[in-house]
1. Compute the FRET efficiency between Y540 and E682 as 1/(1 + (r/R0)^6), taking r as their Cβ-Cβ distance and R0 = 35 Å, and round to the nearest 0.05.
2. Just to check, using Stokes-Einstein with a Kirkwood Rh over alpha carbon pairs, what's the diffusion coefficient of segment 456-509 at 10 °C and 1.306 mPa s in µm²/s?
3. Taking 7 Å along the Cα-to-C-beta vector as the label spot, tell me the M506-N326 distance in nanometres, rounded to one decimal.
4. Given the peptides 15-24, 237-246, 448-457, arrange them by the average over their residues of other C-beta atoms within 10 Å, most packed first.
5. Find the percent of Cα-Cα distances in the chain that exceed 40 Å, and round it to a whole number.
6. In whole Hz, with x marking every Gly and Pro, tabulate ³J(HN,Hα) for segment 419-435 from phi via Karplus 6.51 cos²θ - 1.76 cosθ + 1.60, θ = phi - 60°.
7. At a Förster radius of 45 Å, what calculated FRET efficiency corresponds to the Cβ-Cβ distance of T295 and M51, to the nearest 0.05?
8. Where does each of 298-304, 134-140 land if you order them by average Cβ count within 10 Å, highest first?
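Any read-out appearing in this document is the output of simple, stated calculations on the displayed coordinates, not a laboratory observation. Here the structure is a predicted model, which means the values were calculated and not measured. Note that we place each Cβ from the backbone using ideal geometry, even for glycine, and neighbour counts take in every protein chain shown.
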Amino acid sequence: KKSKVYNCWLNYENCSVGEYQDFCNYIKVKSTHPIINTAIEELKFGLNKLMKKEPLILNYSPKSSYIFVGTLEDLKNEKLDVQIRNEILKEDGFAVKIIKEGDTDVLAIIGQNEKGVLYGVFYLLMAICSSNSLNEIEIEDGPYNLLRIINHWDNLNGEIERGYAGQSVFFKDNKVVEDLSRVKDYARLLASVGINGVVLNNVNVHKYETELITDKFLPDVSRIADVFRLYGIKIYLSINFAAPVEIGGLPTADPLDERVKKWWKEIVENIYRYIPDFGGFLVKADSEFRPGPFTYGRNHAEGANMLAEALKPHGGLVFWRAFVYNCMVDWRDRTQDRAKAAYENFKPLDGQFMDNVVLQIKYGPMDFQIREPVSPLFGAMEKTNVALELQITQEYTGQQKDLCYLPTMWKEILDFDTYAKGKGSTVAKVVNGSLFGMKYGGIVGVSNIGDSKSWTGHPLAQANLYGFGRLAWNPELSPKEIAEEWTKLTFGHDEQVINTIVSMLMASRDIYEKYTAPLGVGWMVNPGHHYGPNLEGYEYSHWGTYHYADYKGIGVDRTVATGTGYTAQYKEPIASMYENIETCPDELLLFFHHVPYTHKLKSGKTVIQHIYDTHFEGAEEAKGLKEKWLTLRGKIDEEIFEMVLERLEMQIKNAIEWRDVVNTYFYRKTGIRDVHNRKIYE
Ligand code: GCU
């Protein structure tokens with residue numbers, strides 16, 4: 001028996017079929033499509049757990065109530081009286097309805113396609129487990145985003161770059177793992193929240209991984225594809241732009257060279273021989289020492305299009321990352337601003353990318369900090385498919401030791417108004433393609449899972465994976481609703497348990513922000529591994545990541561008037577809002593402005609007092625998380641209880657360290673005392 005923590009939100013425990021019972025004895029299905037078979041297998045498994053008895057699978061109508069499972073197409077041959085308007089069902093969409101067949105009540109799960117059927121099955125099972133009543137069950141639902149994708153930063157040796165939950169579930173010892181049963185369990189989790197694509201390997205493609213696209217690895221890669229396919233998930237690979245040179249024996253990887261084009265075409269054709277529904281490539285080029293088109297004097301559109309051309313006849317996509325910046329700057333050179341790089345590199349290329357290229361843009365202009373403005377590139381690419389890249393793995397947000405529920409942050413990003421086509425031009429609308437009428441678009445998240453028992457290291461970090469899928473499916477959901485859904489499915493229906501955990505999740509991002517880098521300034525972490533405070537760890541480095549704290553003030557002047565001019569990359573009225581210190585929101589003040597420590601925030605506090613206050617509060621609130629958790633002892637699974645408790649204790653230590661290092665640093669810089677006279681180590 002698999003443990004509770006392993007089953008995540010698909011436990012189907014602490015709940016029963018209740019008023020659904022009458023429907024659950026029979027399932028009628030005619031299609032034998034592999035994904036429909038998966039849907040039936042899942043439905044059988046779930047109902048069996050809920051009813052303690054297996055439903056019967058039929059291909060005809062029984063005399064009593066039953067569950068019908070099929071696509072819209074399958075429905076055409078039935079005598080079911082369903083009012084579904086085709087247009088309501090988007091690609092991958094589904095409907096669940098209670099309908100009549102003669103005198104019999106039928107609970108119909110209808111998919112726009114086979115994937116939709118599978119999503120409908122998970123919807124039903126999760127609704128039953130959330131005790132949603134039968135008269136609220138009806139739904140017609142479709143995904144807001146076509147592409148809902150997880151990026152793995154897994155290496156073939158089994159290590160995961162920025163992974164905090166064990167080793168890869170795909171790779172070990174430079175091979176694909178033999179036993180893929182865990183991959184299947186993973187596919188179930190992903191499909192249950194609507195994920196439809198997975199990039200298997202790290203964007204930094206090293207020596208062995210470069211060969212993933214060749215006969216050496218494709219037989220094994222296709223075994224993984226076989227597992228995911230049954231759950232409606234396509235696989236993609238990260239590629240090395242220099243592969244034609246490194247493994248192809250060519251003297252160049254110039255994207256305009258005919259030999260290079262031919263080489264990639266043949267590589268792609270071969271991949272599709274193994275994996276007919278291969279998703280495509282993800283490319284990190286000319287970034288952080290990775291090769292790219294710049295080496296050959298070509299631009300990123302030329303690089304991306306060369307690959308897109310090879311993939312196009314097969315229906316494949318190129319995800320081309322916009323994370324391109326100079327990582328070798330001289331900190332003395334104040335004319336450089338890393339935040340400006342993505343826009344400067346890509347805005348001039350708008351309109352030049354082929355229609356099967358998707359520009360994958362990190363949410364902020366820097367790198368997944370706890371607080372950054374939204375990248376201005378989202379409002380700027382009007383003729384290019386774009387996707388939003390989020391980090392589910394908590395590289396800069398506590399590394400799955402500290403609790404940090406991320407949907408709160410993600411929701412702010414999705415709701416951010418770019419004003420690209422006037423008010424209401426939200427990031428959500430940009431990335432689903434609707435704002436500019438683009439064909440492809442979606443949301444991508446860097447995975448937070450590994451082979452740890454709980455998948456995510458911190459059991460409560462499972463909520464981030466769940467929440468990512470839910471928001472990619474429907475950005476209109478609120479982070480609180482998502483937290484409630486997840487908590488019920490994972491921990492059951494005890495009110496106290498739900499309220500406690502939801503309140504912990506909802507407060508966690510603010511708490512983490514309070515005890516780490518203040519007011520959007522970012523980058524006060526230990527270099528390399530990025531956990532814990534180091535206030536000048538990145539101050540004199542080549543990475544372009546500075547806060548410029550001196551004895552008088554702190555922050556990066558990114559204004560047009562006196563700074564780097566970054567604010568001009570936004571549309572009005574956003575540009576002016578950030579440019580003007582009066583209207584720049586407090587939480588981003590130090591991202592946009594360099595101010596004296598005595599500068600008064602809109603909250604009425606000075607910057608220095610804000611720093612002290614938030615750091616004392618943050619550390620206290622981290623302790624509060626543990627106290628809250630302790631009230632749940634005996635009310636939830638003991639193993640999960642202990643695992644979380646252990647993490648919360650690590651978080652308290654981390655928070656105290658941050659508090660004291662930050663407060664001491666600024667006291668020493670400024671000589672200004674805390675007005676409340678709390679303990680600062682001088
Ligand atoms: C961050 C991260 C790297 C990663 C890079 C990327 O800088 O620290 O490990 O490779 O982002 O997104 O490419």
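1. Working: r = 24 Å, r/R0 = 0.70.
According to the calculation, E is roughly 0.90.
2. On the way: Rh = 11.2 Å.
Rounded, D is 141 µm²/s.
3. 4.7
4. On the way: 15-24: 17.0, 237-246: 21.7, 448-457: 23.2.
Sorting 15-24, 237-246, 448-457 by mean packing, highest first, produces 448-457, 237-246, 15-24.
5. Working: 75482 of 232221 pairs.
Cα-Cα pairs of the chain separated by over 40 Å account for 33 percent.
6. Along segment 419-435, the couplings run 6, 4, 10, x, 4, x, 8, 6, 4, 3, 6, 5, 7, 8, x, 6, 4 Hz.
7. Details: r = 62 Å, r/R0 = 1.37.
Plugging the Cβ-Cβ distance into 1/(1 + (r/R0)^6) gives 0.15.
8. Numbers: 298-304: 22.7, 134-140: 13.4.
Peptide ranking by packing, descending: 298-304, 134-140.
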